[in-house]
Amino acid sequence: MSREIVIETRNLTKIYRDFWGRPKVLALKALDLQVERGEIFGLLGPNGSGKTTTIKLLLGLLFPTEGDALVFNQPATDVVKNERIGYLPEESYLYKFLNAEETLHFYGRLFKIPPRERTKRVNRLIDLVELGGAKHRQLREYSKGMQRRIGLAQALINEPELILLDEPTSGLDPIGTAKIKELIRDLRDKQGKTIVLSGHLLADMQDICDRIAILHRGELKEIGQVSELLTVQDITQIKVRDLPAEALPEIRQVVERYNGTVVDVDHPTTTLEELFLRIVHESDKHPGRRRVAVDQKPRPVTAAPTADSRPQS
C-alpha cells in the first residue's frame, strides 16, 4: 500500500540576495524529498547546510526562489495549514517572566482553544514533559533542558499532525537529551505523529530517525533509511553460537564440522558519524555532485508563488 505523503519538495531552491538584489548566498539548491505520515525524518548537516532554511520554507516563513514546497498537499506558503503543525525553533522564544502554565495558556489562546479544553491540554502536556514540580516557576529559572521541554510542550498545544523540531537536543546534557528523544519516540509510536527534526548531533539522529537526508552546502547528498545507509554492503559477517575457539581461524569451512550454529549472516553497519563525514569529504572533493531523488513520483498541484514573481513595493 502506498503511504500518505505529508511533505514534498520539488526543485526547492532558496537564494538570499543583498541590498541591490544580487545573489549573495545559495542556501538551498534543488531539494527533492518526501516525508511520509507517521515517520521520524531527520535533516542532517553541518551549520549552514540549509536545514533551518528548509524548515522555514515548509512553514511559509520564507518564500522559495524556485521550486515547490508542499505540506498536506498544499503550498507551504498557504499559512492556513500551519494550524496542523507544531514548531520548535532552535532557540525557544519564550517569555521568561511567565511560568509553564501561563506559557502554554498563552499559546493555546493564539490557537483559539476553548478555556476548558485548553486547561486539559496544559495539564496533560506539563505531565508529558515532566515539569509538574516546576510549573509555577518562571521560565527564567529553568535550565536549558527544562526550557527545551516546555518549548516542546508549546509546539504540541494545538495537537498538531506534523511536528517540526529544529535542533531539539541542542545544548542538553545526556539526561536531558535522553528525555527529549524518548518524548519524540512516544509522539510517533503512541500518537502517530509525523516528525521532522534537524540536527548535527549524529548519535542522536541515528537513535531516533526512521529516515535521514544529509545536506551539505545547500545540496542533498544522501537520503534513505538509517539502517540501509549504515550497512556496509561489501563485507559479510557471520555470528556463530556454541563454536569452540579453536575453530575460529577456519570458521567458514568448519562451522558444521564442529556442530556450531550460524545465528545470523548479514552486513555489518558503519555509524552515522562515519557516513556523514565521508559524504562531506566527498562533497568537498566534488562540489558539483548532488543527490537527485529519482524514485519519488511528483504529484500535480498548483505551484507556490515565488519571491521573484511577487510585486515589489
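Here, each number is a calculation from the coordinates, and none is a lab measurement. Just so it is clear, the structure is predicted and the values come from calculations on it, not from any experiment. Cβ sites come from the backbone with ideal geometry, for glycine too, and all protein chains shown count toward neighbours.
For the reader, a short list of remarks on this structure follows.
- Residue among 160, 249, 268 with the largest mean-square fluctuation in a Gaussian network model of the chain, springs linking Cα atoms under 10 Å: 249
- Longest site-free stretch - the chain; sites: trypsin sites (Lys or Arg not before Pro), DSSP loop, at most 14 other Cβ within 10 Å: 4-95
- Choice from 93, 142, 107 with maximal GNM fluctuation in the chain (Cα, 10 Å cutoff): 93
- Distant-in-sequence amide H partners of residue 163 (H built 1.01 Å from N, under 5 Å): 86, 194, 195, 196
- The phi-based Karplus calculation (6.51 cos²θ - 1.76 cosθ + 1.60; θ = phi - 60°) puts the 3J(HN,Hα) values of segment 227-244 at 4, 6, 5, 8, 7, 8, 6, 8, 10, 10, 10, 10, 9, 10, 10, 6, 9, x Hz, whole numbers, x for Gly and Pro.
- For segment 79-152 versus segment 191-208, the spacing of their alpha-carbon centroids is 21 Å.
- Overall, segment 81-201 carries a charge dipole of about 360 debye about its Cα centre when +1 sits on the Cβ of Lys and Arg and -1 on the Cβ of Asp and Glu, all other atoms neutral.
- Here the gap between residue 20 and residue 242, fully extended at 0.36 nm per residue and compared with their Cα-Cα distance, gives a gain of 72.6 nm.
- Over the chain: helical MRE at 222 nm, DSSP H runs n ≥ 4 each giving -39500 (n - 2.57), nearest 500: -8500 deg cm²/dmol
- Expressed as a whole percent, the proportion of Cα-Cα pairs in the chain lying more than 23 Å apart is 63%.
- Proximal lysines relative to residue 24, as straight alpha-carbon distance under 19 Å, when same-chain residues fewer than 8 apart are discounted: 14, 51, 56
- Of the three principal axes defined by the Cα atoms of segment 1-133, the extents in descending order read 49, 46, 28 Å.
- Label point at residue 280 placed 7 Å out along Cα→Cβ; residues across segment 165-190 whose backbone nitrogen lies under 20 Å: 166-172
- Of the GluC sites (Glu not before Pro) found in segment 127-189, those that fall in a DSSP loop while having at most 14 other beta-carbon atoms within 10 Å are 130.
- Loop-resident sites, segment 185-260, for GluC sites (Glu not before Pro), counting at most 13 other Cβ within 10 Å (DSSP): 256
- Counting charges near residue 84 (Lys, Arg +1; Asp, Glu -1) among other residues having Cβ under 10 Å from its Cβ returns a value of -2.
- Stretching the chain fully between residue 271 and residue 235 yields a gain of 11.5 nm (0.36 nm per residue, less the alpha carbon separation).
- Comparing 133, 108, 48 in a Gaussian network model of the chain (Cα springs below 10 Å), the most mobile by mean-square fluctuation is 133.
- 3J(HN,Hα) couplings calculated from phi for segment 177-185 with the Karplus curve 6.51 cos²θ - 1.76 cosθ + 1.60 (θ = phi - 60°) are, in sequence order, 4, 4, 5, 5, 5, 5, 4, 5, 4 Hz; Gly and Pro show x.
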